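Let me begin by presenting the structure, written as structure tokens, before commenting on it.
The values are calculated or read from the model by the stated rules, or taken from the named source; none is laboratory data. Everything numeric here is computed off the predicted structure, so don't read it as measured data. No Cβ is skipped: glycine too gets one built from the backbone with ideal geometry, and neighbour counts run over all protein chains shown. The protein model used for the area step is the full one, side chains on, heavy atoms only, and it has no ligands, DNA or RNA in it. Shrake-Rupley method; radii C 1.70, N 1.55, O 1.52, S 1.80 Å.
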Amino acid sequence: CGSSISNSSGTLQSPSYPGSYPNNADCVWEIQVENNFRVMLTFRDIAMQRGRCQYDYIEVYDGPLHSSPLLGRLCSGSFPTYTSSSNMMTVRFHSDSRYTFRGFQAHYSSIPADHNTSLLCLPDYMHAVVSKDYLQSQGYSAQMVTLNDSHCKPTVTSHEVIFNIPYNGCGTVREENDDTINYSNMIKVTSSGHIIKRKKNIHLHISCKMLQNTWMQIMYVAEDTRDVNKNQFGRYDVNITFYDSSSFLRQVHDSPYYIDLNQNVYLQAYLHSSDPNLIVFVDTCVASPDPHDFNTLAYDIIRNGCARDSSYTTYYSPYSHFARFKFNAFEFISRHTLVYLQCELVVCRFGDYSSRCYRGCINRSKRDTSSAEEKVKVAIGPLQLREESRQSRNTG
């Protein structure tokens with residue numbers, strides 16, 4: 001019932017299809033294909049409660065669930081095809097507690113987007129590429145392409161003009177809204193040195209929008225006759241590393257990391273971004289012997305910002321891009337050869353005290369449907385008990 005999907009093509013279907021789907025289902029599939037590709041979704045079968053799609057329905061969104069336009073809501077009738085404007089699409093299936101039917105099946109695939117221009121929102125800079133073939137088709141040369149800040153020069157290859165534009169320089173403008181941080185700049189293509197201008201100037205408007213953990217990348221061409229929009233989505237670059245003491249000076253590079261029972265285990269989460277006005281928060285950390293399954297057999301160290309293990313402690317960090325904490329190696333590791341950790345981290349604006357990063361422990365009585373939109377998942381490990389510790393424990 002729902003998942004995050006990164007394959008280039010595949011099939012979606014309601015739970016138990018072609019059998020009857022369960023009551024009170026709420027499934028969300030988040031499809032994210034490669035940069036500069038789009039998602040095409042075609043429905044092959046729909047058998048649900050008919051009417052005005054109030055009770056059982058499928059919704060298709062042009063990007064993330066909570067911040068994107070609705071492409072369509074359906075429950076019966078024809079088998080439509082939807083195409084995203086970016087490399088991301090979300091499909092939601094909902095059923096109520098009354099009637100149940102066969103459900104739906106759909107096929108998705110990735111199709112190439114326009115190759116005249118492309119944009120990647122990387123952790124430290126915006127990577128914008130303009131095709132030289134496109135420039136020549138419009139009557140321009142690579143020498144006519146500049147940024148708003150003309151001191152920041154592009155790299156020109158045999159086929160492309162490439163700009164690496166930092167978030168905190170080269171004229172990049174930062175704007176904050178209720179739930180987004182927007183970084184924008186503009187690439188100009190102008191004909192100069194002529195008193196009479198016969199060609200239109202081209203303005204490539206570039207924008208990277210941050211939604212707590214999602215980069216939404218936009219590039220559009222403003223001309224007198226047409227606008228071309230480019231949207232991409234990506235994820236924050238966040239990692240977690242082990243350290244050997246509470247001074248956090250020496251990183252542990254061993255894999256697996258051999259530890260003693262009840263030994264203090266020190267970890268540091270690091271957000272890789274050139275924007276200094278962001279903060280990272282450790283929301284959840286779970287231990288499991290299976291690196292691919294953190295649900296079946298798992299031990300909560302911290303959940304929704306609430307410490308579940310009594311040894312869990314946080315440490316002061318001199319930088320907002322770091323979050324430091326520790327716990328003790330526990331009984332769990334004495335019963336399993338290897339133990340892995342999966343932590344969910346939240347990225348917020350520094351000083352935004354209404355955001356998740358500043359709310360601390362939140363006890364949820366039921367599943368928060370928006371939580372998946374706010375978190376970055378990072379896995380680390382394995383941890384392994386030292387052989388002498390295992391032998392002494394067995395002897396005891």
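What the table below lists for this structure:
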{"read-out": "Matching residues in segment 255-309 - criterion: being closer than 30 Å to G351 by Cα, among the polar types (S, T, N, Q) and in a strand (DSSP E or B)", "value": "Q268, T284"}
{"read-out": "Residue match in segment 28-46 (condition: at positive phi and open to solvent by less than 60 Å² (accessible area, probe 1.4 Å))", "value": "yes"}
{"read-out": "Looking only at segment 288-309, and only at residues there that are open to solvent by less than 60 Å² (accessible area, probe 1.4 Å) and among the polar types (S, T, N, Q), the one that is nearest to the chain's Cα centre (by Cα)", "value": "N304"}
{"read-out": "Residue selected from segment 272-287 under the condition crowded, with 21+ Cβ neighbours inside 10 Å and β-branched (V, I, T), by the criterion nearest to P166 (Cα to Cα)", "value": "I279"}
{"read-out": "Filtered residue count, segment 54-69, keeping only those that are open to solvent by 10 Å² or more (accessible area, probe 1.4 Å) and not charged (D, E, K, R)", "value": "9"}
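For (1) of a type in the set (D, E, K, R); (2) surrounded by 21 or more Cβ atoms within 10 Å (Cβ to Cβ); (3) in contact with a helix residue (DSSP H, G or I) (Cβ under 7 Å, 6 or more places away or on another chain), each residue gets a yes or a no:
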residue	(1), (2), (3)
T83	no, no, no
P112	no, no, no
M126	no, yes, no
Y134	no, no, no
S137	no, no, no
D149	yes, no, no
